[in-house]
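What follows is a single structure, written as structure tokens, with notes after it.
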Amino acid sequence: MWDYSETVMDHYRNPRNVGKIDDADAIGIAGSLSCGDQLKIYLKIKDGIVTDAKFQTFGCGSAVASSSILTEMIIGKTVDEVKKITNKDIADKLGGLPPEKMHCSVMGYEALEDALKNYGHDDMVDLDDLREEPVKEKIVCTCFNVTENLIWDAIKQNGLKTVEEITNYTKAGGACGKCKALIQDIIDTYYHKEEKPVQMTAAQKIIRINNIIEKTISPELQKDGGDITLVDIEGNKVMVKLRGKCSGCKNSIHTLKSFVETTLKDTVDKNIEVVEVE
């Protein structure tokens with residue numbers, strides 16, 4: 001049995017702002033009835049301020065509570081303030097949600113984002129069947145119609161690092177499981193994970209550093225009239241000489257540390273230190 005906060009139970013038993021706004025200025029939809037959960041949110045906006053918000057949802061108690069408290073969070077806020085609300089804000093306002101129910105707060109965030117995308121469109125219509133059109137974004141989980149962008153946002157906003165966490169927050173991977181490998185690829189891409197490289201010999205490291213300087217760093221510096229020459233390498237200390245406009249420039253230290261050294265750390269060894277010599 002999941003442990004719900006008093007706030008969740010209150011909004012589940014006594015949901016606020018349930019219903020529909022016939023002349024809404026913005027309408028957003030998230031989820032799908034075929035997947036078991038769907039949320040539709042209606043916004044009334046005047047002079048850039050949300051003056052009213054209502055919702056209709058088909059889902060569990062956590063979905064009702066998340067939708068209810070979201071409407072309270074946005075009424076009276078400016079559109080710019082509303083745009084900054086994340087699913088974490090919704091969950092925090094509820095006093096937390098069980099990991100298995102975090103997808104409900106994500107659905108609220110997604111519906112709100114959809115509404116704001118539609119805000120200001122003169123041709124906005126409230127037709128459910130329009131939502132049955134193919135989604136242009138890349139679908140990762142076909143069982144729950146979860147897009148790559150939604151997974152990416154969930155990782156970014158909540159610091160998710162495992163497939164199980166992604167499933168809890170978005171439902172992706174929670175049915176047939178065929179998309180789990182793709183979800184892991186997205187996680188690895190976000191955190192820039194790579195297979196641990198084979199330990200280089202001293203000679204291989206020198207060659208690698210020289211190639212990076214010649215083929216990556218030098219061409220970039222040449223674009224601004226500068227250049228760089230590799231002088232020597234002692235362990236992780238790389239000694240170079242800046243030439244052209246880079247030589248004696250007041251920003252030479254910045255160039256060495258923020259560009260040259262960073263590039264070599266990212267491509268060769270994180271312990272590298274770049275030093276300018278005469």
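Read-outs: derived from the displayed coordinates by stated rules, not from any lab. In this text, all values refer to a predicted model and were calculated from it rather than measured experimentally. Counting neighbours? That spans all protein chains shown, and the Cβs are built from the backbone with ideal geometry, glycine included.
Under Stokes-Einstein, with the Kirkwood radius over Cα pairs standing in for Rh, what whole-number D in µm²/s applies to the chain at 25 °C and 0.890 mPa s?
It diffuses with D of about 110 µm²/s by this estimate.
Using alpha carbons only, how many degrees (0 to 90, rounded to 10) separate the axis of helix 148-158 from the longest principal axis of the chain?
Orientation of helix 148-158: about 80 degrees from the principal axis.
Taking 10 °C and 1.306 mPa s as the conditions, I'd like the Stokes-Einstein D for segment 202-276 in µm²/s, using the Kirkwood hydrodynamic radius from alpha carbon pairs.
My calculation gives 131 µm²/s for D.
Given a cut-off of 28 Å, name the pairs among LYS54/LYS161; LYS93/LYS180; LYS40/LYS156 whose C-alpha atoms lie farther apart than that in the structure shown.
Result: LYS54/LYS161; LYS93/LYS180 exceed 28 Å.
By average Cβ neighbour count within 10 Å, what is the ranking of 23-31, 108-116, 174-182 from highest down?
Peptide ranking by packing, descending: 108-116, 23-31, 174-182.
Take HIS11, HIS254, HIS103, HIS192 and order them by how many other Cβ atoms sit within 10 Å, fewest up front.
HIS192, HIS254, HIS11, HIS103
What does the net charge come to around GLY28 if you take all other residues with beta carbon closer than 10 Å to its beta carbon, with K and R at +1 and D and E at -1?
-1
Around GLY174, with a cut-off of 13 angstrom between Cβ atoms, what is the net charge of the other residues, counting Lys and Arg +1 and Asp and Glu -1?
Spelling it out: positives minus negatives among the neighbours equals 0.
At 7 Å along Cα-to-Cβ for each site, give me the label-to-label distance between ASP3 and PHE259 in nm.
With each label placed 7 Å out from Cα toward Cβ, I get 5.4 nm.
Check cross-link reach from LYS237 to the lysines: straight Cα distance under 28 Å, and skip same-chain residues fewer than eight apart.
Within the straight-line cut-off, LYS237 pairs with LYS193, LYS196, LYS205, LYS215, LYS223, LYS245, LYS250, LYS257, LYS265, LYS270.
With +1 on each Lys and Arg Cβ and -1 on each Asp and Glu Cβ, how big is the dipole of segment 202-276 about its Cα centre, in debye rounded to the nearest 20?
Rounded to the nearest 20 debye, it is 100 debye.
Could you work out the relative contact order of the chain? I mean the mean sequence separation of Cα pairs under 8 Å and 6+ apart, divided by the number of residues, in percent.
It comes to 13 percent, rounded to a whole number.
Where does helix 61-74 land angle-wise versus the long Cα axis of the chain, in degrees 0 to 90, nearest 10?
Long axis of 61-74 versus the principal axis of the chain: about 80 degrees.
Using helices alone, what [θ] at 222 nm do you get for the chain, with -39,500 (n - 2.57) per DSSP H run of 4 or more residues, divided over all residues and rounded to the nearest 500?
Helix contribution divided over all residues of the chain: -10500 deg cm²/dmol.
Net charge within 13 Å of TYR109 by Cβ-Cβ distance, Lys/Arg positive one each and Asp/Glu negative one each, not counting TYR109 itself?
Computed value for this residue: 0.
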